[in-house]
Amino acid sequence: MQFELNITKRMRSGGDAFLLRSHFSTSDRALVLFGPSGSGKTLTLQAIAGLLTPDEGCIKVNGDVLFDSEAGVNTPTRQRNVGYVFQNYALFPHRTVRENVGFGLKPLFGRLSAEDSRRVEELIHLFDLSRVADLKPSALSGGQQQRTALARALATSPKILLLDEPFSALDQPLRLRMRTELSRVLENFGIPMIMVTHDSDEVESFAESVVVYRHGEVVGMHSAKAIAESGQSLTETIREQVAMAYEL
Amino acid sequence: MSSIWSTLTGFHFIDPLMLTLKVAGLATLAAFVLGVGCAYLLSRRNFPFRDVLDAVFTLPLVMPPTVLGYYLIVLIGRRGVFGQWLQEAFGISLMFTWQGAVIAATVVAFPLVFKSARAALESVGPQFEDAARTLGQGELAVFLRVSLPLAFRGVLAGAMLAFARAMGEFGATLMVAGNLPGRTQTLSLAVYSAVQAGDDTLANILVLIISIVCVAILVATSRLLQPKF
């Protein structure tokens, strides 16, 4: 994956002004945006998905320009073909698990095609959701909700998967299990991903590169491979980054 | 007792009842489409004078129906801005017709749909709509598959209140459509005429019908508004 992003966004909530200045580029397949809450990671993820329009800058994935303020390009979210897993999953509460997974495949009027229907069943099977496929999301456990959200995001065969704090809604033992599961899924689907987290363990588990945010700015970017080659320990580097990001 | 029976079999209330259901039903439908549309626009788009527009849309709720009726005459009356054009271009006049009554009832019922729909749509979490967009859905699909279903109970409750309001509409209807028995005389107008004519039996039956329908609607509305998810 070739990924390039350089955006600026001024926000105002109440009397507080917030300036997001986000820029990085990478060719890694697994990128983690890391930093404390309110440091601009999620806003960056939203901008990649087109849910937030930057004031200026550009976003490019594999040569496709998703956003370019100078050229006046702003591809609508629906055409960006990104899979997005929201922090609280945002599963449609009025739809069953099966309908949630098939949501992006179903036309506005009419039914799923036979082929799409098979894909939905495959995903439901793959994510071990067969027993709960006809239940509404409110009846699911945290882990099942997350698997549904993943299956739903992958159903439309996105070219990139965006994950916003995917494990924050889970308790600790489940979190460890779902991490392993997500690694397996990413490997199976061979899909590049960008993950937002404030958990340094997740940086270690997933990052090929990590971008560190503080107060809306990128304060560092590190490649796991480069760190390993230079003989430094990744854990140690991340620990330093945590201290820096949180101003300890 | 015999007078009740003769009234019941004499169809004095059948005509106004059927007319009322027709007028209130169509007015509710029109108010539903317009009200939900305007509510979606105002809850999702930010533009100048949005608050002013919201106030204008809510105005029929607080203005005296006779004033609304007067505005409608200015608009669709024979010499009205729109009415004159209709008359000249198509030879149609809406004054003193049941269609005119539908328009009057629509205007009066509109704010009830608009207000409930706006509140219901604003309570739908934006993340659900965003999720649908990332799943390749266009704005119409987002509205029909996500926003409207999630807001539907609130919207439906508003529509039921609108129906009740349209059923009871008197002032604006009287000014625009008059009180022509068999043509524009709805239940509430028939009650007025019955009382004026001293026909207490008919008035009692009409009042009872209106009361039962309104209680039924209010009970159903409060049930709809109980939280589900």
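The values are calculated or read from the model by the stated rules, or taken from the named source; none is laboratory data. Just so it is clear, the model here is predicted, and its values are computed rather than measured. Note that we place each Cβ from the backbone using ideal geometry, even for glycine, and neighbour counts take in every protein chain shown.
Laid out as a table, the results:
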| read-out | value |
| --- | --- |
| Residue satisfying condition, being under 18 Å from A:H198 (Cβ atoms), part of a strand (DSSP E or B), touching a residue at least 60 places away in the same chain (Cβ under 8 Å) and in contact with a Gly (Cβ under 6 Å, 6 or more places away or on another chain), within set A:L20, A:L33 | A:L20 |
| Members of region A:227-248 that are touching a Ser or Thr at 6+ places or on another chain (Cβ under 9 Å) and small (G, A, S) | A:A245 |
| Top-ranked residue of region B:93-137 - restricted to ones that are of a type in the set (S, T, N, Q) and in a loop (DSSP other than H, G, I, E, B), ranked as modelled with the lowest pLDDT | B:S93 |
| Condition check for B:V176: among the β-branched types (V, I, T), within 14 Å of another protein chain (Cβ to nearest Cβ) and part of a helix (DSSP H, G or I) | no |
| Candidate set: region A:158-184, residues that are free of Cβ contacts under 8 Å to residues at least 12 places away in the same chain and either within 14 Å of chain B (Cβ to nearest Cβ) or over 23 Å from A:R29 (Cβ atoms) (or both); chosen: the one farthest from the chain's Cα centre (by Cα) | A:P173 |
| Whichever residue in region A:52-77 is surrounded by fewer than 19 Cβ atoms within 10 Å (Cβ to Cβ) and closer than 16 Å to B:L135 by Cβ and, among such residues, is nearest to the other protein chains (Cβ to nearest Cβ) | A:P76 |
| Region B:106-159 - residue that is away from chain A (no Cβ under 11 Å) and among the β-branched types (V, I, T) and, of those, surrounded by the most Cβ atoms within 10 Å (Cβ to Cβ) | B:V113 |
| Leading residue by the ranking (nearest to A:N188 (Cα to Cα)) among those in region A:124-158 that are of a type in the set (D, E, K, R) and loosely packed, with under 15 Cβ neighbours inside 10 Å | A:D128 |
| Residue in region B:188-229 that is surrounded by the most Cβ atoms within 10 Å (Cβ to Cβ), counting only those that are more than 28 Å from B:A151 (Cα to Cα) and among the hydroxyl-bearing types (S, T, Y) | B:S188 |
| Region A:78-90, residues that are at the interface with chain B (Cβ under 8 Å from one of its Cβ atoms) and either over 21 Å from A:L186 (Cβ atoms) or not in a strand (DSSP E or B) (or both) | A:R78, A:Q79, A:R80, A:N81, A:F86, A:N88, A:A90 |
| Qualifying residue in region B:187-195 (condition: hydrophobic (A, V, I, L, M, F, W, C), more than 15 Å from the chain's Cα centre (by Cα) and within 14 Å of chain A (Cβ to nearest Cβ)) | no |
| Residue tally, condition at pLDDT 85 or above and surrounded by fewer than 20 Cβ atoms within 10 Å (Cβ to Cβ), over region A:221-248 | 2 |
